[in-house]
């Protein structure tokens, strides 16, 4: 038997219009911890979904070999039967059930359909001992913390005779000591012969625990490094993760930056449900007129939460801090306050939060600015049609009329409608959250031009993006965020992907805030 | 040929659901006409029967108007039957025990309904208890209060003016050649108004350079609407004229259609029901909107209580039982979407009329209660099935521009939020909001 427990060869996965994985190769040695790193969108999750049977055999090209035999998983069930178990970032636990019930969910300890609770709880206790979970197996999952819930997931995986355990960002929601416990558990599982594949954005953690590291970029395998033999450090990893050129993807633009008009000071936001969790920690930020300011960060850094909390407290609880626009302090209690004060926020999820898909364009264009087309609460329908028609042509939405339903447009055109909707409210500051997510290159270029037009009119734009090249190509200044902290800012001249990646992965507990 | 094609295009481009409803209503009427001629050798489509179909259902129609707004806003109200009974009881007590004049009694009843709406709206909008639960509680609560207020007895109404609200006709005496003159005048004015609305809408579209279908299709649609209004006028004028409750209904339909289509508040009701999160992030005060929707529902239930009490000429403890279900059924037959955001006032009224006409027709044919209930149940199911089927069918031809096309897949494939199990065929991945395709 070979030393490799798992080999993936030439894995190619296409979605309509995009190549998510392009001939990825990956080998994982038995009883090791193998990390998979890469930027957002590099294809890590897609690859792991293929490995765990979420995308069935036949939906992708390439071969998977598990313990030397070809593996053709048609479902998650198939892969689990072969000992490959994935633990998703959003835990798949039923919070109203007990720990023991969750561990054996779908795999009930039953005889002829009758569950044996003695066996369930006893087996659960044994598995919980293995992962170091001291609680009573009858405790409800909703009553234990996220760190322990993660352990329940691992116990659940162990109950399935796991050979290869895949963990997708397991420590993203954990604090430092819980993270450390989890990593320790992975090391002890390795001793017992379990192979772990770890997807993580936290490079420090990757280097401390992984035996080997595979780097993905743009759907391709860049390299596989041996942590010790190759003397890998963070800089080495970052270079490997981002190394690519900026092509001519961005329209030329000469910024005319005016005075600073928007300031955020000491902005702290807590989680709306877990009120003791700090999601944004004393963030400070400024935007000048005519300036495109970027906000970089990895998933879970708190960018969207930060932006939404600025937008009339539409996210979070116990929000403290100061917000100044044109030298005046703003007290925004609701989204309509924020719109009235001249702030607009175009959401990252335009389908769920940005548009009414089964309403037509004119209703979508004017919803946030109905007061501009109405008098005494009565809407002037003629004006609605006229302004919508104007927005439609100004923003180049490719559709014959404003009576078209928003849901019938392509992603790029939908995004233009979202932009038009917010420009119609005549904001001073536009916060654009992932404005080009999921749209094709041509439409991206048009969106970039629209952003340039906006700042040329003297507005300020705060742009959140997970694509570093986009931030580098568009922004005059970029802030980086990590775990709720603004960990630094770089201006256009000094911005490199390496520097941003360093700031984005800075662990604030150790590194502190540098400005 | 091109005329025909234009007409077909116009129908296809328009709200098929709504035209479908009108066609269904007319077909049902014709069906009963044929059946009654065949079985009983008498006409169904008489002025008397048509007037009765409206008048005997007026309270359901009033409830359906409010219910449509509740459903459009993404909620449900199970309490309207009990609220109707309670408000009716209050109006009867106000007339008999407190000795109030009829108009104050009406006002007190409507205010009672509105107050109940404040109570329920508070729990639903601000405490965020599901409307199903709050109004289920309300259904029991206000039925109990009705029993308590009436001391389980029936109070009869003596006030003639009050009774007129339920069964009176307007200026009944002035006849011209067997036709009721004021009705004719109002009918002609209404017809002229409909034509004028169509013309001005068309002119405006042309002025804004918006493609709005062929002129032929437009002319066909306008003449059909005008013809319907004229026929309705003649029918009513040939019987007893305009029933007072009919006038109230027409006013309500016009006012609420205006609110729904032309006011900021109305658009907020739709936006909040269609996609609450997107509405919130667009600055819509969704809680406030829901609250007022329930206050409005309460007030309309109060008004329906007045009309029902006036028509029965008494307030009874078991008034309005099952009315909530009829009002809800009217809304769904009339094109409301279960998930909110879709539906029209006129649709709810047509839905209510479909049920009313069927009741009327089946009663004349002496169909038993058992069969009536079975048939109405099947009609509700069929109407919603048609809705679902129509939506699926509509999603067919628009390939390449639908969600789930390249953009969606790319987002799914590359987006960082892409975790958790999901299939890979973009078409049947996650359920999109209704109507998204």
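Arranged by the count of other C-beta atoms within 10 angstrom, fewest first, what order do B:82, A:52, B:97, A:334 take?
Working: B:82 27, A:52 24, B:97 9, A:334 16.
By the 10 Å Cβ count, ascending: B:97, A:334, A:52, B:82.
Label sites at residue B:115 and residue A:207, each approximated as a point 7 angstrom past Cα along Cα to Cβ, lie 7.2 nm apart. Kirkwood hydrodynamic radius of segment A:46-153, from the reciprocal of the average inverse Cα-Cα distance over all distinct pairs: 15.5 Å. Arranged from fewest to most other beta-carbon atoms within 10 Å of their beta carbon, A:270, A:253 become A:253, A:270. Geometric descriptor of chain A, per residue, is 173 Å³ (volume of the convex hull of the Cα atoms).
Ranked highest first by the average count of other Cβ atoms within 10 Å around their residues, in what order do B:263-270, B:143-150, A:225-232 fall?
On the way: B:263-270: 22.4, B:143-150: 18.2, A:225-232: 14.1.
The densest-packed peptide leads the list: B:263-270, B:143-150, A:225-232.
Computed over segment A:4-242, the percent of Cα pairs more than 34 Å apart is 16. What is the helix-to-structure angle for A:117-131, meaning the angle in degrees between its Cα long axis and the longest Cα principal axis of chain A, kept from 0 to 90 and rounded to the nearest 10? Result, in degrees: 80. Using the Stokes-Einstein relation with a Kirkwood hydrodynamic radius computed over Cα pairs, the translational diffusion coefficient of segment A:431-485 at 37 °C and a viscosity of 0.692 mPa s comes to 273 µm²/s. Once you sort the root eigenvalues of the Cα gyration tensor of segment A:354-426 as a ≥ b ≥ c, which label holds: rounded (a/c under 1.5), prolate (a/b larger than b/c) or oblate (the other case)? Prolate is the answer for segment A:354-426, as a/c is 1.5 or above and a/b outweighs b/c.
With all pairs of separate Cα atoms included, segment A:261-395 yields a Kirkwood hydrodynamic radius of 16.8 Å.
As a calculated quantity, the FRET efficiency between residue A:22 and residue A:226 at R0 = 25 Å, using C-beta atoms, amounts to about 0.55.
Rg(Cα) of the protein assembly as shown divided by 2.2 N^0.38 Å?
1.10
Could you tell me whether segment A:330-485 comes out rounded, prolate or oblate from its Cα gyration tensor? Rule is a ≥ b ≥ c as square roots of the eigenvalues, rounded for a/c under 1.5, then prolate if a/b exceeds b/c, otherwise oblate. Let's see the in-between values first.
Values: a/c = 1.85, a/b = 1.30, b/c = 1.42.
Oblate shape, in that a/c is at least 1.5 and b/c is the bigger or equal ratio.
By the beta-carbon count within 10 Å of each Cβ, the least crowded to most crowded order of B:72, B:293, fewest first, is B:72, B:293. Look at the stretch A:388-396: the mean tally of other chain Cβ atoms within 10 Å of its residues' Cβ atoms is 1. Secondary structure note: in the protein assembly as shown, about 60% of the DSSP beta bridges are antiparallel. You can think of it this way: the chain between residue A:329 and residue A:115 has 70.9 nm of extra reach, that is 0.36 nm per residue less the Cα-Cα gap. Shielding value for A:327-337 is 2, the average number of Cβ atoms from other chains within 10 Å of each residue's Cβ. Counting only other chain Cβ atoms within 10 Å of each residue's Cβ, the peptide A:51-64 averages 1. Peptides A:88-94, B:65-71 ordered by packing proxy, namely the average of other Cβ atoms within 10 Å per residue, highest first: B:65-71, A:88-94. Calculated [222 nm] ellipticity per residue, helices only, for the protein assembly as shown: -15500 deg cm²/dmol; basis is -39500 (n - 2.57) per DSSP H run with n ≥ 4, divided by all residues, nearest 500.
Rounded, prolate or oblate: which one fits segment A:64-120, using the alpha carbon gyration tensor with axes a ≥ b ≥ c (rounded when a/c is under 1.5, else prolate when a/b beats b/c, else oblate)?
Numbers: a/c = 3.16, a/b = 1.66, b/c = 1.90.
Taking the square roots of the gyration eigenvalues as a ≥ b ≥ c, segment A:64-120 is oblate.
If you take the Cα centroid of segment B:221-295 and the Cα centroid of segment B:131-166, the two points sit 26 Å apart.
Laboratory data are not the source of any read-out in this text; all were calculated from the coordinates shown. All of these numbers come straight from a predicted model, not from anything done at the bench. Cβ: placed from backbone, ideal geometry, glycine included. Neighbour counts: every protein chain shown.
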